[in-house]
Amino acid sequence: MAGTSKNPVIIKDDEYHATYEEEIAAIDYELQQIENDLQKLEDRKKILTLRKEKIRDDALIKKSLSLAKKNWDTEGFSWSKDIRKAAKDIFKIDKLRPLQLPTLNAIMSGEDVILIMPTGGGKSLCYQLPAVISKGITIVVSPLVSLMEDQLHGLHRINVRAMMLNAKAGKENVKTIMTALVDKKSDLHLIYVTPEYMAKSKRFMSKLQKAFELDKLDRFAIDEVHCCSQWGHDFRPDYKFLGILKSMFPGVPILGLTATAPSKIIVDVQKMLDIQGCLVLRASFNRPNLFYEVRRKPNDKELCLSMIETLLKNKFHGKSGIIYTTTIKDAEQLMTDLRSRGLKIGCYHAMLEAEYRSKVHAKWLSGEYQAVVATIAFGLGIDKPNVRFIIHHCMSKSMENFYQESGRAGRDGQKAWCILLYRLADVFKLSTMVFQDKVGLQNLYKMLDYCLDQSTCRRSLIATHFEETWTSSDCAQMCDHCRKPQVKKEMNIALYCRHIYQIMTKAVQSDTRLTALKLLDAWYGKGAVESRVSSVPIPKFSRETGESIVGHLLTNGYLKEDFHFSAYSTITYLKRGPKSGLALDSDHKIPFYYE
């Protein structure tokens with residue numbers, strides 16, 4: 001009997017296509033779930049890695065703190081009388097500030113020390129005073145010529161001989177310093193030098209070795225020591241050269257000084273300088289006399305100028321202050337604009353001739369100028385206790401920078417105001433300057449979080465950053481949030497995040513890149529029509545709230561900056577961030593707090 005065959009199953013094209021599409025969709029869904037799970041695991045991995053690093057760092061910090069158990073805060077040392085006499089006769093100081101005496105005693109005892117003390121706390125005395133009572137030489141490493149010049153002026157006023165070495169040092173000065181290093185009869189006890197000069201001058205290092213052999217090298221003081229760490233907010237590659245000091249000059253103590261450095265950076269600095277487990281002395285970061293405030297910066301230039309003019313002519317009439325801005329060009333333009341409004345303003349930045357800079361400085365010290373406009377990248381070396389206000393025309397690049405800059409106010413202990421003018425556009429102006437630094441964007445986004453926060457005590461935010469705990473009583477209504485508490489509300493912004501992604505997807509499909517400004521324009525139905533998405537509704541809340549949402553999504557990883565070089569500048573665009581997969585999950589929530 002002949003074999004029978006079954007009829008073949010015929011699948012129509014449309015049925016096959018439907019099955020194919022369903023299978024692809026199912027795979028896509030499963031892949032998306034895997035992406036979401038991977039992101040959650042990645043977030044957990046980061047948390048555990050940070051916790052592991054902190055446990056290790058804490059162990060090293062505890063070793064350092066054990067040295068602090070010794071009573072350094074006493075006048076029972078052989079040099080105590082000399083310190084007291086020099087403080088009173090030369091520096092005209094009757095009473096030392098907290099942590100100054102322990103630091104002086106430890107460094108005079110030959111211990112390596114790291115001192116963390118707020119701006120204006122008196123760090124410089126901790127190496128200047130030992131220098132004037134010692135027979136040898138103290139080398140002070142500082143990254144800023146302006147700070148060194150200011151200290152030299154101060155020392156010369158009290159007849160303490162000190163000199164400076166940097167790339168622009170005159171031949172006669174260099175010759176005098178090189179001779180003094182190997183002359184046992186020289187009365188030069190303080191030499192200031194930039195890290196760049198140390199790293200590049202073989203002649204200077206040779207003379208230092210000779211001074212060491214002659215037992216003339218007393219100590220190294222490294223100012224802004226956080227610059228040693230790649231995790232620091234102001235890392236400078238030439239500081240890495242300082243890692244050779246311990247091996248080249250064994251037994252010569254190192255004093256590291258900084259106004260701002262969390263434990264992670266202090267540990268990194270100890271390793272880099274080969275002074276692990278050294279004495280660490282840390283003062284509280286709380287400056288109770290400073291009032292912290294963040295104000296929304298108007299996008300309109302004239303409105304912004306009017307705001308500053310009103311502050312200077314009314315609230316700060318007859319008072320002295322500093323206005324920080326971003327670039328040299330901005331500083332000069334802001335000075336010109338404010339002068340045109342009848343304000344007595346000077347400009348102070350690194351590119352000015354030394355003589356002109358000194359004149360500006362003198363006019364400000366005397367009160368002829370009410371304020372100076374300075375770049376935020378340039379540390380204004382000052383010895384002016386009655387600075388009543390600091391205005392940040394643009395936000396700082398990091399919390400550390402902000403704390404240092406605002407800390408130049410109220411050194412006399414009297415009330416002073418620190419006002420930061422914030423707008424989202426400034427974030428993208430700064431990000432193009434810092435994105436190549438190892439932690440540049442990370443530090444900038446922490447500053448953005450500080451500005452975006454709608455209700456938390458400003459002091460609490462600063463304390464958390466610097467690993468301290470302050471209560472509301474420590475603020476005593478000395479910040480805008482504690483002065484006028486706001487009711488904190490929560491909004492789930494996941495839907496708005498997905499709306500923003502839709503706008504971005506359309507841009508990608510049309511081979512267009514979106515800056516933050518263009519993205520916000522498209523979201524709010526403005527700007528180029530081709531960038532808008534008809535299915536995305538225009539938000540009912542203000543554009544300011546929209547900007548805050550974009551900033552929040554950026555700092556939390558739902559958006560990411562994409563940097564591109566042009567012939568004359570760096571441009572930043574926005575694209576989906578590493579957490580975009582989570583945001584596409586309809587059940588995912590992104591909490592956003594607002595007033």
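Please turn the phi angles of the range 106-123 into ³J(HN,Hα) values with the Karplus equation 6.51 cos²θ - 1.76 cosθ + 1.60 (θ = phi - 60°), one per residue in order, whole Hz, x for glycine and proline.
Ordered by residue, 3J(HN,Hα) equals 5, 5, 5, 7, x, 7, 7, 9, 10, 10, 10, 9, x, 3, x, x, x, 5 Hz.
What ranking of M395, M504 emerges when the number of other C-beta atoms within 10 Å of each C-beta is taken as an exposure proxy, fewest first?
Details: M395 27, M504 23.
Ordered from fewest to most neighbouring Cβ atoms within 10 Å, M395, M504 come out as M504, M395.
Quick check: pseudo-label points 7 Å beyond the Cα along Cα→Cβ at K81 and K429, how many nm apart are they?
For K81 paired with K429, the spin-label model returns 5.9 nm.
Exceeding 18 Å between C-alpha atoms, which entries from my cross-link table qualify? They are K301/K363; K429/K540; K363/K397; K185/K210.
Values: K301/K363 27 Å; K429/K540 28 Å; K363/K397 28 Å; K185/K210 15 Å.
Listed pairs above 18 Å: K301/K363; K429/K540; K363/K397.
Can you give the FRET efficiency to the nearest 0.05 for S366 and V533, using r as the Cβ-Cβ distance and R₀ = 60 Å?
Plugging the Cβ-Cβ distance into 1/(1 + (r/R0)^6) gives 0.50.
Return the long-range amide H neighbours of I222 (sequence gap of 5 or more, or a different chain), with a cut-off of under 5 Å between placed amide H atoms.
Under 5 Å from the amide H of I222 lie the amide H atoms of V141, L255, G256, L257, each far enough along the sequence or on another chain.
Could you pull out every residue, at least 5 positions away or on a different chain, whose amide H is within less than 5 Å of the one on I323? Hs are placed 1.01 Å off N in the peptide plane, and Pro or chain starts have none.
For I323, the qualifying residues are V372, V373, A374, I391.
Can you compute the charge dipole magnitude of the range 76-226 about its Cα centre, using +1 on each Lys and Arg Cβ and -1 on each Asp and Glu Cβ, nothing else charged? Give it in debye, rounded to the nearest 20.
On the way: 23 positive and 16 negative charges, 82 e Å.
Value, rounded to 20: 400 debye.
For a footprinting-style exposure proxy, rank K315, K446 by other Cβ within 10 Å, fewest first. Before the final figure, lay out the partial values.
Values: K315 12, K446 18.
Fewest-to-most Cβ neighbours within 10 Å comes out as K315, K446.
Could you point to the label whose value was computed as mean projected area of the Cα convex hull in nm² for the structure here, given (1) 33.3; (2) 36.9; (3) 38.7?
Label (3) holds the value from this structure.
Enumerate the calculated ³J(HN,Hα) couplings along the range 210-227 in order (Karplus 6.51 cos²θ - 1.76 cosθ + 1.60, θ = phi - 60°), each rounded to whole Hz, writing x wherever the residue is Gly or Pro.
Calculated HN-Hα couplings, in order: 5, 4, 5, 5, 8, 6, 9, 8, 7, 6, 10, 10, 10, 7, 6, 5, 4, 5 Hz.
Name the residues whose placed amide hydrogens come within less than 5 Å of the amide hydrogen of L559, ignoring near sequence neighbours (fewer than 5 apart) on the same chain.
Close amide H contacts, sequence-distant or interchain: L554, G577.
Tell me, in nm to one decimal, what length is gained between R543 and E302 on full extension, where the rule is 0.36 nm per residue of separation less the Cα-Cα distance?
Working: separation 241, 0.36 × 241 = 86.76 nm, distance 1.97 nm.
Full extension from R543 to E302 adds 84.8 nm.
Which of E400, E468 comes first, and how do the rest follow, when ranked by fewest Cβ neighbours within 10 Å? Please report the intermediate quantities before stating the final value.
Numbers: E400 24, E468 16.
Lowest to highest Cβ neighbour count: E468, E400.
Between rounded, prolate and oblate, where does the range 13-52 land on the alpha carbon gyration tensor, with a ≥ b ≥ c its root eigenvalues, rounded for a/c under 1.5, else prolate if a/b exceeds b/c?
Values: a/c = 10.29, a/b = 9.57, b/c = 1.08.
Prolate is the answer for the range 13-52, as a/c is 1.5 or above and a/b outweighs b/c.
Sketch the reach of a paramagnetic label on T49 as a point 7 Å from Cα along Cα-to-Cβ, and name the residues of the range 420-462 whose backbone nitrogen lies under 14 Å away.
Residues passing the 14 Å test: 439.
For the chain, build the charge dipole from Cβ charges (+1 Lys, Arg; -1 Asp, Glu) around the Cα centre, then report which of T469, L519, A169 sits farthest towards its positive end.
The one lying farthest along the dipole's positive direction is A169.
Give, in nm to one decimal, the length gained when the segment between T471 and S586 is fully stretched (0.36 nm per residue of separation minus the Cα-Cα distance).
Numbers: separation 115, 0.36 × 115 = 41.40 nm, distance 3.83 nm.
Working it through step by step, the gained length comes to 37.6 nm.
Run the simple label-point estimate for S569 and A26 please: 7 Å along Cα→C-beta, distance reported in nm.
The answer from the label model is 5.3 nm.
Throughout, read-outs are computed from the coordinates displayed, never taken from laboratory work. Source: prediction; values computed, not measured. Heads up, the Cβs are rebuilt from the backbone with ideal geometry, glycines too, and the neighbour counts pull from every protein chain shown.
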